[in-house]
Amino acid sequence: MKVNEIFRSIQGESSHAGRPCAFVRLAECNLRCVWCDTPYAFHEGEEMSIDEVVDRVRAFGLPLVEVTGGEPLLQEEVYPLMTRLADLGHTVLLETSGSVSVARVDPRVVKIVDIKCPGSGEADKNLWENLDHIRPPDEIKFVVAGRADYEWARAVIRERALERKAALLVSPVHGEVDLEALAEWILEDRLPARFQVQLHKLIYGAGRRGV
């Protein structure tokens with residue numbers, strides 16, 4: 001498989017934010033979100049076997065592992081990789097764009113599935129059938145670039161009663177949204193979602209790789 005980077009860091013997103021975590025970032029992506037913060041993963045990477053990836057992850061000695069990208073589900077080897085990590089006792093998180101089917105993902109893997117808002121430029125790529133494969137403890141994430149995206153996300157949450165399916169995350173594009181304003185919108189609407197910031201960017205800075 002083509003691997004962009006493997007590293008350890010503090011988990012910056014999801015309900016697992018703040019936990020030490022090993023990350024496997026796979027290369028390649030089928031989307032080009034306007035606000036993408038990992039464009040280097042579109043093409044950069046080296047070929048590694050599943051055994052090599054597992055050995056690198058195990059060397060960190062961390063129970064929590066996230067498989068991310070790019071879009072990790074574009075590579076066939078990701079499925080046995082996640083199963084192998086789960087077999088070894090890891091809690092495995094999958095960060096996926098929501099544009100590729102999650103139907104084949106090992107049920108032990110925690111799926112963190114994006115629903116792309118219009119501000120991403122890729123909202124037409126949302127694969128709504130993925131919602132049929134979401135269950136606790138999976139999570140659904142909306143990255144919002146402003147008030148219009150927030151209102152769109154709010155409408156989707158309400159129309160589809162997404163709080164009944166899984167935990168909901170609302171995440172502002174880093175540096176583009178006033179955090180206090182977003183907090184007030186969520187409070188005013190009593191939105192059943194977790195307001196998350198990208199904790200790793202607050203710790204290490206927005207442009208640093210490998211964290």
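Readers should treat all values here as calculations from the given coordinates under stated rules, not as data from a laboratory. As the structure is a computational prediction, the values presented were derived from the model and not from experiment. Cβ: placed from backbone, ideal geometry, glycine included. Neighbour counts: every protein chain shown.
Structure above, values below:
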| item | result |
| --- | --- |
| Whole-angstrom gap from region 68-87 to region 139-174, using each part's C-alpha centre | 25 Å |
| Given charges at beta-carbon only (K, R positive; D, E negative), |dipole| of region 96-168 in Debye | 180 debye |
| Antiparallel bridge percentage (DSSP; both residues within region 2-204; nearest 5) | 30 percent |
| Convex hull per residue volume in Å³, alpha carbons only, for the chain | 108 Å³ |
| Ranked Tyr204, Tyr150, criterion: other C-beta atoms within 10 Å, fewest first | Tyr204, Tyr150 |
| Rounded to the nearest 20 debye, dipole of the chain from Cβ charges on Lys, Arg, Asp, Glu | 460 debye |
| Order of Phe142, Phe7 - criterion: other Cβ atoms within 10 Å of each residue's Cβ, fewest first | Phe7, Phe142 |
| Eligible lysines near Lys125 by straight Cα distance, threshold 16 Å, same-chain separation 8 or greater | Lys116, Lys141 |
| Fewest-first ranking of Val34, Val113, using other Cβ atoms within 10 Å as the exposure measure | Val34, Val113 |
| Selection from Thr96, Trp152, Pro63, by position along the positive dipole direction of region 25-177 (Cβ) | Trp152 |
| Protection-proxy order for peptides 188-198, 91-101, each taking the mean of Cβ atoms within 10 Å per residue, highest first | 91-101, 188-198 |
| Dipole magnitude (debye, nearest 20) for region 4-84, charges at Cβ of Lys, Arg, Asp, Glu | 400 debye |
